[in-house]
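The values are calculated or read from the model by the stated rules, or taken from the named source; none is laboratory data. Predicted model only: the values in this text are computed from it and were never measured. Here Cβ is always computed from backbone atoms with ideal geometry, including for glycine, and neighbour counts include all displayed protein chains. These area figures cover heavy atoms from the full protein model, side chains too; ligands, DNA and RNA do not enter into them. Shrake-Rupley method; radii C 1.70, N 1.55, O 1.52, S 1.80 Å.
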Amino acid sequence: MSERLRGGPATWRSVRDGLHARGLRWTNRRRTLVDVLASSSGHVTGAELVERCRERDPSTVPSTIYRTLDVLEELGFVRHAHGPGGREEFHVLPARDHGHVHCSSCGASWELLPDEAAPLVGALSRSRQFRVDLSHLSVAGLCASCAAQGRDASH
């Protein structure tokens, strides 16, 4: 995992250099996205990022946001994953790789830590010689509260 993932404000200042190293310009729209990301934590959807950027700069173009997010992921500043229904989410400066567990009834979600996923990851490695990308592992089911209330996963 990149050291950048554990950074703070100094890390965000290095984005400009990372973009330049890939032949990309440091534009006002990219600066706006970096400012929005720097003031975010945890998980945020692409649509939420576009909305937050448009609050600061109404001329924000979604395609610029998504292209820049792709580069920022390559640089280690964000990681994308897929939430309920396949919705793409971005984790800002993730401190560690993790998957996600989602309740299909109430919509709650939690991080799935490497030690919790280890039995499944190990089993897939042994039986199929398959290496799991934990950041893309998303498990749907029922949380304890919904299961106790007799709800099913289709609500």
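5 Å is the cut-off here: which amide hydrogens, built 1.01 Å from N in the peptide plane, fall below it relative to Ser138, excluding neighbours closer than 5 in sequence?
Sorted by chain and number, the residues that satisfy this are His100.
Rolling a 1.4 angstrom probe over the protein heavy atoms, how many square angstrom per residue are accessible across the chain?
Working: 8960 Å² over 155 residues.
Normalised by residue count, the accessible surface of the chain is 58 Å².
Give the Rg/Rh ratio for the chain, taking Rg as the radius of gyration of the Cα atoms and Rh as the Kirkwood radius, to two decimals. All intermediate terms of the calculation are to be shown ahead of the outcome.
Details: Rg = 17.7 Å, Rh = 17.2 Å.
Here the Rg-to-Rh quotient is 1.03.
Calculate the FRET efficiency for Glu74 and Cys106 from the Cβ-Cβ distance with a Förster distance of 41 Å, rounded to the nearest 0.05. Please list the in-between numbers first.
Details: r = 35 Å, r/R0 = 0.84.
The pair Glu74/Cys106 has a calculated efficiency of 0.75.
Between Thr45, Thr60, Thr27, which gets the highest mean-square fluctuation from a Gaussian network model of the chain, Cα cutoff 10 Å?
Ranking Thr45, Thr60, Thr27 by mean-square fluctuation puts Thr27 first.
Classify the range 74-135 from the C-alpha gyration tensor, please: rounded if a/c falls under 1.5, else prolate or oblate depending on whether a/b exceeds b/c.
Values: a/c = 1.93, a/b = 1.23, b/c = 1.57.
It comes out oblate by the Cα gyration axes.
Report the net charge of residues surrounding Arg16, where surrounding means a beta-carbon distance below 9 angstrom and charges are Lys +1, Arg +1, Asp -1, Glu -1. Write out the running numbers ahead of the final one.
Details: positive: Arg13, Arg30, Arg31; negative: Asp17.
In short, +2.
Find how much the distance from His20 to Glu51 grows on full extension, using 0.36 nm per residue of separation minus their present alpha carbon separation; answer in nm with one decimal. Walk me through the numbers before you get to the answer.
Numbers: separation 31, 0.36 × 31 = 11.16 nm, distance 2.57 nm.
Answer, rounded to one decimal: 8.6 nm.
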